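Below: the structure, in C-alpha cells.
The values are calculated or read from the model by the stated rules, or taken from the named source; none is laboratory data. The structure displayed is predicted, hence computed values, not measured ones. Reconstructed Cβ throughout: ideal geometry from the backbone, glycine too, with neighbour counts over all protein chains shown. Keep in mind that these areas ignore ligands, DNA and RNA; they rest on the heavy atoms of the full protein, side chains included. Shrake-Rupley method; radii C 1.70, N 1.55, O 1.52, S 1.80 Å.
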Amino acid sequence: MTPGTGGWTLRRRLLITFVVAGALTVVIALVTATALGRVINRNDDLLERIGPARIAGYQIEAALLNQETGVRGYVLTKQQTFLTPYEDGTKAESKNLASIRSALKGNAGLLRDIDEFEAAANAWRTRYAEPLINATRLGQPATTGQDDQGKTLFDAVRDATTTFQNDLTSIRNNTYDELQSAINTLIAIAIVALVLLLIAGGILWRALRQWVLRPLEAIGTETREVMGGALTHRVEVDGPREITALAEHVDAMRGSLVTALSTAVAAQDRLKEQTDQLAAQTEDLQRSNTELEQFAYVASHDLQEPLRKVASFCQMLSRRYSGQLDERGQQYIDFAVDGAKRMQRLINDLLAFSRVGRTTGEFEDVSLDSVLDRALTSLGSTIEESDAAIQADPLPEVHGNPILLTQIFQNLIGNAIKFHGMAPPRIRITVERKGDNYEFVCSDNGIGIEPQYAERVFVIFQRLHGKDQYDGTGIGLAMVRKIIEHHGGRIWLDTDGPTTGGTTFRWTLPVPSSTEGEPVAVGGAGTESDA
C-alpha cells in the first residue's frame, strides 16, 4: 500500500485523482479557448474587415482614374458621353468609401486617412474637375494654370490613397503576425496538453494497477484455489477498503459453495431445457417463413391448377351429358364452373395486388397519352359493346411504371363502363397542374357512388353491389389506390362536385423534376374514343 494512504477508500483515491485531472483539464481548456479566440478574432479582422477594406481601396483608386479619364476625354472631345466614366467613378467612390467606413469602424487612424482622402478628392473635383467641365460647356479653353492646379490636387489625392493603403497594409501585416502567433500558441498548447495527457494516463494506469488490478488479481488467485477444491482456504487480500470488503464477501460465499453447486446444476438443467425450447421455436418460425415465401408460388401455380381442372371437367360433363341432365343438374354444373372461374380471377387479382411495388419493374419517363391508348386497346371490346365514348385532354409525361399506370386507367375506365346507367357510358379525363403535382379527373355519367362510401370503395373486397348485379372481385379500386400511392400520389372520390349523377375520381401524380417550372398543356382536342 502507498504510505499515508493505507486507510483511504478507493472512491476517495479516485476522487482526488480525477479532481486534479479535472482542474488541469479546465486550465488547459481555458488557455486553449483564449488562444482559439485570438485566432478567430485575428482571422475575422483579416477576412471581414481588412480584406474588404483593401479591395474597396483599390476600387476607389480605379474610380479616381475613371474620373480623371472622363474629365480629360470631355475637355478634348466636348462630347457628353465622355463624362459617363467621371459620373460612374464618383458613385463608385462614394459606395466604396461607405464600405471602408463600415469595415474599419472603430479604427480611428484608418478612418482619419479616409477622411483626408475624401477631403482631397472633393477638393480636386470642386476646385478643378467641376470648374473645368463647366468652362468646357461654355466653350472656354483650359489654361495652363488650371492644368497645373489639377495635377497638384490629383497628386494630393494619390498621396492620400497611398497613405491609406500603407497604413492598412501595416495593420494587415500586424494582424497576420498576431494570427500566426495565436496559431503557434494553440499548437504549443495542443502539444503540451497531449504530453500532459500521456503523463496523466501513465499515472492513472499505475494507480489503478496498484489500487485495483493487483488486489483483484490476488482475489482471483485465492478464488481459483477455492474453486480447485480447497473449500477451507480463506480468501484474504490487502488493498483499499472496497477491495478488502469484496474479499470478505467472496470468503462468505465460500461457505455456501457446496449448496450452491447443487442449485447450479439444477439451474443448468432448466437452462438447457429452455434453450432447447427456444431452438425448437426458432426452427418453427423459420419453417413458417419458408412456407409463407412459397405461398405466392402455390397461389399462382398449384392452387390454380385444381381450379382449372374443376372448371374443365365440369364443362366436359356439361357437353358430354347435354340433354341427359335435368335443368337443376345443368344449373349445378354452371354454378361449379362459375365458382371456379371467379376463384381464379380472385387469385389473379390478389397476386397482382400483392406484387405492386415489388415485381413490377423500375420507374421510367412515361407518356400518359401512350398509357391511355394501351388501356383503351385492352378495353376495346368492352367499349364497343357498351357504345361508350371516352374523351381525354392531352396528358403529360410522368415518372413511373408503364404497366402499373396502364392498370390505373384500365380499372377506372372499366368501372365507369361497368356501372353505367340507362344511357351509353360517357367518360371524360382531364388534367391540371397544381404545384408539384398533376391532378387528374375521371368523370362519367354512370349510376354514381353515395358520399358515405367514399372510403369503402378503396378497401379490398368491399363491394357495394352483389355479384349477381355486377361482376368483379372487389379489388380493382384497392389496386388503383396502391399503385397511385406507390407512385407518390393519392386518389379520392370527389363528393364536392355538382350532384348531376355519375362518378368523379380525382388522383395526383408528382411532376417529374425535369419538367418542373414548365406548364402542362390542358384542353384542346385531346384523345377521343367513340365506338
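Enter the accessible area per residue of region 375-456 (Å², integer; probe 1.4 Å; all protein chains in place).
Counting only protein heavy atoms, the per-residue value for region 375-456 is 45 Å².
How far apart, in nm, are the 7 Å Cα→Cβ label points at Asp365 and Lys151?
Placing both labels 7 Å beyond Cα along the Cβ direction yields 6.9 nm.
Provide the packing ranking of 179-186, 274-281, i.e. peptides ordered by the mean count of other C-beta atoms within 10 Å per residue, highest first. Please report the intermediate quantities before stating the final value.
Details: 179-186: 15.6, 274-281: 10.0.
Highest to lowest by the protection proxy: 179-186, 274-281.
Could you report the accessible area of Lys78 in Å², rounded to 10, computed with a 1.4 Å probe on the protein chains as they sit in the structure?
The accessible area comes out at roughly 130 Å².
Residues with beta-carbon under 13 Å from that of Leu65, excluding Leu65: net charge, scoring Lys, Arg +1 and Asp, Glu -1? Walk me through the intermediate numbers first.
Working: positive: Arg72, Arg158; negative: Glu61, Glu68, Asp88, Glu93.
Overall, the nearby charge balance is -2.
Pull out the extension gain between Asp326 and Ala267, defined as 0.36 nm times the separation in residues minus the alpha carbon to alpha carbon distance; nm, one decimal.
Between Asp326 and Ala267, full extension yields an extra 13.8 nm.
Relative to the present Cα-Cα distance, how much length would full extension add between Gln80 and Ile183 at 0.36 nm per residue of separation?
On the way: separation 103, 0.36 × 103 = 37.08 nm, distance 5.57 nm.
So the chain would gain 31.5 nm between Gln80 and Ile183.
Using only protein heavy atoms and a 1.4 Å probe, report how much of Thr84 is accessible, in Å² to the nearest 10.
60
Once Lys and Arg get +1 and Asp and Glu get -1 on their Cβ, which of Asn122, Thr84, Ala62 lies farthest toward the positive end of the dipole of region 32-123?
Ala62
Please report the accessible area of Val441 (heavy atoms, 1.4 Å probe, ligands and nucleic acids excluded) in Å², nearest 10.
20
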